[in-house]
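Peer 1: Sending over a structure as structure tokens; questions will come in a sec.
The values are calculated or read from the model by the stated rules, or taken from the named source; none is laboratory data. Keep in mind the model is a prediction, meaning the values are calculated, not measured. When we count neighbours, we look across all protein chains shown, and the Cβ atoms used for this are built from the backbone with ideal geometry, even at glycine.
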Amino acid sequence: MGNGELQQKLRRLGLSEYEARAYLALLGEHIATAARISAKSGVPRTKIYSVLEELSGKGWVKLFSGVPILFKATEPPKVFERMRREHEEFLESVEKTLHKEAPGMEKYVIKRMNIALETLKGDIRKAKTVTMSNATAEMVKKLADSFAPDAHVRVLLFPGEKPPKDIEHRNLTFKSAEMRIVCINGNKEVPSVSLILDEARTFTIIPDTSGRKLLIEEMVYDECSKCFNEWTALGWGAADEK
């Protein structure tokens with residue numbers, strides 16, 4: 001790397017042109033006078049003392065008092081370690097300040113509601129992984145024709161439900177859930193089915209009291225989707241295979 005390119009990189013770190021030239025000149029010396037650094041770097045003698053004092057204040061140069069005053073470059077690893085530490089402290093202070101400025105920020109759960117069954121099936125057909133939790137056999141049968149042939153499908157059945165026998169899919173695995181998760185709909189408990197596509201999109205499917213209609217919602221708030229993924233993984237790991 002040429003000297004000019006090094007100077008440009010040092011300037012990006014906050015040094016002036018004269019400061020970059022003086023520091024690079026001093027790196028090649030064990031210890032040197034201002035006159036020596038001026039001659040080697042091309043920084044005018046009328047400017048060299050103020051340039052070296054600036055570098056000393058920034059921690060790039062060590063100053064030894066005497067007659068004449070002597071200067072020594074701070075080793076690059078020490079310079080950059082200090083810069084990293086100062087940068088981390090700066091970022092931490094800004095983060096704390098912003099947190100104090102917005103102590104009452106609220107988080108929202110955002111849902112896309114009233115999704116049609118055929119719209120949901122279209123999304124399922126595109127998915128490479130499908131995970132259903134708390135599913136009834138009837139729900140699995142409603143959606144089974146949408147599973148792509150090469151998709152990996154995992155179904156955690158509602159307690160007491162049996163896997164439907166008339167579904168053929170090479171990558172379909174059933175387990176039985178240990179916990180009943182229900183919603184109250186019309187004063188009646190109905191299973192609340194969660195559906196996760198490609199470990200990214202989270203849907204909730206709730207049948208009405210007649211069982212003929214479905215309320216389908218998609219959760220589009222990322223942090224909540226992550227929680228659903230983790231909860232589903234825990235439930236799947238604890239369940240028994242059917």
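Peer 1: From the list GLY42, GLY66, GLY28, which residue is modelled with pLDDT under 90, assigned by TED's automatic domain parsing to the domain that holds GLN8, loosely packed, with under 15 Cβ neighbours inside 10 Å and in contact with a helix residue (DSSP H, G or I) (Cβ under 9 Å, 6 or more places away or on another chain)?
Peer 2: GLY28
Peer 1: Could you list, ordered by first residue, the pairs with Cβ atoms under 8 Å in which the first is in the range 110-137 and closer than 22 Å to PHE174 by Cα and the second is loosely packed, with under 14 Cβ neighbours inside 10 Å, at least 6 apart or interchain?
Peer 2: LYS121/ASP145; ALA127/ASP198; LYS128/ASP150; LYS128/ASP198; THR129/ASP198; ASN134/ARG180; ALA137/LYS162
Peer 1: Identify the single condition in (1) in the same structural domain as LYS165 (by TED's automatic domain parsing); (2) in contact with a strand residue (DSSP E or B) (Cβ under 7 Å, 6 or more places away or on another chain) that LYS142 does not satisfy, given that it satisfies every other one.
Peer 2: Going through (1) in the same structural domain as LYS165 (by TED's automatic domain parsing); (2) in contact with a strand residue (DSSP E or B) (Cβ under 7 Å, 6 or more places away or on another chain) one by one, LYS142 breaks only (2).
Peer 1: LEU195 versus (1) crowded, with 17+ Cβ neighbours inside 10 Å; (2) touching a Ser or Thr at 6+ places or on another chain (Cβ under 6 Å); (3) not polar (S, T, N, Q): which is the lone unmet condition?
Peer 2: That leaves (2) as the condition not met.
Peer 1: Among (1) assigned to a helix (DSSP H, G or I); (2) at positive phi, there is one condition SER56 misses while meeting the rest; what is its number?
Peer 2: In the conditions (1) assigned to a helix (DSSP H, G or I); (2) at positive phi, SER56 misses (2) alone.
Peer 1: Can I ask one more? Applying the selection to the range 117-140, what residues are at pLDDT 90 or above, of a type in the set (A, V, I, L, M) and closer than 11 Å to ILE216 by Cα?
Peer 2: Scanning the range 117-140 gives a single hit, LEU120.
Peer 1: Being in the same structural domain as LYS213 (by TED's automatic domain parsing), in contact with a strand residue (DSSP E or B) (Cβ under 9 Å, 6 or more places away or on another chain), surrounded by 12 or more Cβ atoms within 10 Å (Cβ to Cβ) and small (Gly, Ala, Ser), is that true of even one residue in the range 157-167?
Peer 2: No, that holds for no residue.
Peer 1: Going by the structure shown, is GLU95 charged (D, E, K, R), at pLDDT 90 or above and within 30 Å of LEU13 (Cβ to Cβ)?
Peer 2: No, not satisfied.
Peer 1: Return the pairs, sorted by first residue and then second, in which the second residue is in a loop (DSSP other than H, G, I, E, B) and modelled with pLDDT of 80 or more, the first residue lies in the range 174-187 and is of a type in the set (Gly, Ala, Ser), the beta carbons are less than 6 Å apart, and the residues are 6+ apart or on different chains.
Peer 2: ALA177/PRO159
Peer 1: If GLU199 passes every condition in (1) modelled with pLDDT of 80 or more; (2) more than 22 Å from the chain's Cα centre (by Cα); (3) more than 22 Å from PRO164 (Cα to Cα) but one, which one does it miss?
Peer 2: (2)
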